[in-house]
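Taking it in order: structure first as structure tokens, then the write-up.
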Amino acid sequence: MRLADKRILLGVSGGIAAYKSAELVRRLKDQGAEVRVVMTRSAKEFITPLTLQAVSGHPVAYSLLDPSAEAGMGHIELAKWADLVLIAPASANLMARMAAGMADELLTTLCLATPAPIALAPAMNQQMYLNGATQANLKTLASRGILLWGPDAGSQACGDVGPGRMLDPLELVDRCCQQLAAEPLLAGVKLLLTAGPTREALDPVRYISNHSSGKMGYAIARAAREAGAEVTLVSGPVTLATPAGVTRIDVESAEQMHQAVMSRVDECDLFIGCAAVADYRPEQVASQKIKKSGDNDQMVVKLVKNPDIIAAVGALSDKPFTVGFAAETVDVEQYALDKLQRKRLDMIAANDVSREGQGFNADDNALTVFWQGGQAPLPLADKLTLARHLIALIARHYRH
């Protein structure tokens, strides 16, 4: 009984997949969970509260302004009660209201009031799922840390075929078990992580840098913290907020990042080098702004190599478990495997930054992770979802 003593608040929104909710409640209880159900107004058109009350063993809540509910377990108490809020099915309408931060009925109010993780199992017509508004809402919700489980693809009740089917109840139960595992994946692990670009000064005004936004590294920091790690983030200059519970150290140049890492690496168990560190820096930095001079249309700047941070960590005699990144535009696998061997890494995550819509500055990304004797593709997803999958993969190899 993998969910023994776990409290799951199941939200049911309006959609034909609501008929699966009764089976979902039963399967959750089979694993030892205590389940309480909250329905939207439209959900009652597809399945009765009495049905869900019978399988859950508790009255079903659906009215925000129900005096009897407020006298017992009101919406704030119910929100605090849950270890996990699972909304299955999650309709396009419900997700749009959640993305807007609305509290217009009991379920949306609970989502704003709960400190528990929230997971959505989308279910809708395939064209509704693919609509730009729905996709934008999904990205907004994912960026706030809401878990998106599914949807699956296949034939739908309306006769269409495509993405939008709610995940099978057994699959959702398995996701709940993973989410509520008694021991977080990286509990007690000290993680040192680099993220963002570096800036290499030419003069007090100008610098050499790259297109890294830091989004992937910050998503990894958040996912690792969720997994129980003690996270120290060495960050180049970005405009992102520090993830909750993460210790952040700001640096500008590659040399500063190298110093920050090497002064702390002996204290960490796991090192992830996600920063896009400049390979070279100007040999000399002008003390004053460099001015145009006469008719000279050219300026020569001599560059020297920066310290290789990930190689320096990999070369340590007592190195931590070390994960690198390879952002490439051609021959991604070849360059990644070469870097894995040459820099003595335990794993490397490679991505093709030449592909439109992923990589630098994008909200989405896709990775292929390599290690000695194996590899795993992580398909295109928003960066937080991708980071969670990457952390789970790293944790499995780190622990074994």
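The residues of the chain expose on average 49 square angstrom of accessible surface per residue, using a 1.4 Å probe on protein heavy atoms. Relative to the Cα centre, the charge distribution of the chain, modelled as +1 at Lys and Arg Cβ and -1 at Asp and Glu Cβ, gives a dipole magnitude of about 260 debye.
Packing here is the average count of other Cβ atoms within 10 Å per residue, and on that basis the peptides 261-267, 370-376, 292-298, highest first, run 261-267, 370-376, 292-298. How large, in percent, is the carbon and sulfur part of the accessible surface of segment 158-225 at a probe radius of 1.4 Å? Roughly 51 percent, rounded to a whole number. Sorting the segments 334-347, 106-119 by their mean number of nearby beta carbons within 10 angstrom, highest to lowest, gives 106-119, 334-347. Distance between the pseudo-spin-label points of GLN288 and CYS177 (7 Å out from Cα toward the beta carbon): 7.2 nm.
Please list, short to long, the whole-number percent of alpha-carbon pairs of the chain in consecutive 10 angstrom bins beginning at zero. Reading the bins upward from 0: 5, 20, 27, 21, 15, 8, 3, 1, 0. Relative protection proxy for 247-253, 16-22, 79-85, from highest mean packing down: 16-22, 79-85, 247-253 (other beta-carbon atoms within 10 angstrom).
Sequentially through segment 119-136, phi angles give Karplus couplings (6.51, -1.76, 1.60; θ = phi - 60°) of 10, 10, 10, x, 8, 5, 4, 4, 6, 5, 5, 7, 4, x, 5, 5, 4, 5 Hz, Gly and Pro residues having no value and appearing as x. Site pair ASP266 and TYR335 shows an inter-label distance of 3.5 nm when each label is modelled 7 Å from Cα along Cα→Cβ.
Rounded to the nearest 0.05, the FRET efficiency derived from the C-beta distance between ASP279 and ALA241 at R0 = 25 Å is 0.30. Computed extension gain for VAL205 through LYS80, at 0.36 nm per residue and net of the alpha carbon distance, reaches 39.9 nm.
A simple spin-label model places pseudo-atoms 7 Å from Cα toward Cβ; at ASP308 and ASN93 they are separated by 5.9 nm.
The values are calculated or read from the model by the stated rules, or taken from the named source; none is laboratory data. If you're wondering where the values come from, they're calculated on a predicted model, not measured in any experiment. Cβ: placed from backbone, ideal geometry, glycine included. Neighbour counts: every protein chain shown. These accessible areas exclude ligands, DNA and RNA; they are computed on the full protein's heavy atoms, side chains included. Shrake-Rupley method; radii C 1.70, N 1.55, O 1.52, S 1.80 Å.
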